[in-house]
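In what follows, a single structure is set out as structure tokens and then discussed.
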Amino acid sequence: MEYRIGQGYDVHQIREGLPMFLGGVQIPSDRGFVAHSDGDVAIHALCDALLGALALGDIGHLFPDTSDEWKGIDSKILLAKVIELVSERGWQVGNVDITIALQAPKLAPFVEQMRSVLAGILGVSADRVSVKATTTEHLGFVGSGEGCEVWAIAMICRSL
């Protein structure tokens, strides 16, 4: 087997009156992410990790925020398009690991649903998808509620 690993990072500002999507799940909140798409910062970081593993650039290169084609798009569609690129090149997802830093709301009740949704798009079982949520103990822009940041790592593999 041949293996590659990619790392992704994304951050979005939080503002009142917008929907909050994370890991393909709408999170009940009166605040959400400022973005050109639906703002799913977890999926965006995951896309970057997968693209990085193949040295294909980043999500902004593939789906520019200057294009009306991607305005308001469901980020699950973007992830599915990235998975198509992975598959077309003969690779498959081994596992992914995502860490979400968000002060509020608490995400624990939604983690299993996120894992399930992401696994379905990635074409793997949920035990290959790790989603962890943390706060920053009220420190920095995350702790003050101004934004959310996400780190993702993806391992992909293919037979030699």
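In this structure, Leu51 does not satisfy being more than 18 Å from Leu22 (Cβ to Cβ), open to solvent by 30 Å² or more (accessible area, probe 1.4 Å) and not acidic (Asp, Glu). Within the range 147-160, being open to solvent by less than 30 Å² (accessible area, probe 1.4 Å), more than 20 Å from Gln13 (Cα to Cα) and among the small types (Gly, Ala, Ser) holds for one residue alone: Ala154. Residues that are part of a strand (DSSP E or B) and crowded, with 22+ Cβ neighbours inside 10 Å do occur in the range 121-130, at least one of them. Across the range 64-105, the qualifying residues are those that are among the small types (Gly, Ala, Ser) and modelled with pLDDT under 95, and the one among them that is farthest from Ser125 (Cα to Cα) is Ser67. Contact map, the range 120-134: first residue within 10 Å of Val93 (Cβ to Cβ), second residue assigned to a helix (DSSP H, G or I) and of a type in the set (A, V, I, L, M), Cβ cut-off under 6 Å, separation 6 or more or different chains; pairs are Ile121/Leu79; Ile121/Ala80; Val129/Leu118; Val129/Ala119. Every residue in the range 15-25 that is open to solvent by 10 Å² or more (accessible area, probe 1.4 Å) and in contact with a helix residue (DSSP H, G or I) (Cβ under 9 Å, 6 or more places away or on another chain), please. If the condition is that a residue be open to solvent by 10 Å² or more (accessible area, probe 1.4 Å) and in contact with a helix residue (DSSP H, G or I) (Cβ under 9 Å, 6 or more places away or on another chain), then Phe21, Gly24 are the ones that fit. Looking across the range 54-75, the residues that are over 17 Å from His12 (Cα atoms) and surrounded by 13 or more Cβ atoms within 10 Å (Cβ to Cβ) come down to Leu54, Leu56, Leu62. In the range 78-120, the qualifying residues are those that are farther than 15 Å from Ile153 by Cβ and of a type in the set (Ser, Thr, Tyr), and the one that is surrounded by the most Cβ atoms within 10 Å (Cβ to Cβ) is Ser116.
Would you mention how many residues in the range 131-160 are modelled with pLDDT of 95 or more, in a loop (DSSP other than H, G, I, E, B) and either touching a Pro at 6+ places or on another chain (Cβ under 9 Å) or closer than 25 Å to Leu51 by Cβ (or both)? Reasoning before the result, please.
Taking the range 131-160 as the starting set, the residues that turn out to be modelled with pLDDT of 95 or more are 131-158.
Next cut, in a loop (DSSP other than H, G, I, E, B) only: 135-139, 144-146.
Then drop every residue that is not either touching a Pro at 6+ places or on another chain (Cβ under 9 Å) or closer than 25 Å to Leu51 by Cβ (or both), which leaves none.
Result for the range 131-160: 0.
Report whether or not Ser144 is within 23 Å of Val34 (Cα to Cα), out of contact with any Ser or Thr (no Cβ under 8 Å at 6 or more places or on another chain), open to solvent by 30 Å² or more (accessible area, probe 1.4 Å) and in contact (Cβ under 8 Å) with a residue 40 or more places away in the chain. So Ser144 fits the description; yes.
Looking at the structure I just gave you, is Ala108 at pLDDT 95 or above, under 15 Å from the mean Cα position of the chain (by Cα) and not β-branched (Val, Ile, Thr)?
When the stated conditions are applied, Ala108 does not pass them.
The values are calculated or read from the model by the stated rules, or taken from the named source; none is laboratory data. Quantities reported herein were computed from a predicted structural model and do not represent experimental measurements. A quick note on method: Cβ atoms are made from the backbone with ideal geometry, for glycine too, and the neighbour counts reach across all protein chains shown. Surface accessibility is based on the protein's heavy atoms, side chains included, excluding ligands, DNA and RNA. Shrake-Rupley method; radii C 1.70, N 1.55, O 1.52, S 1.80 Å.
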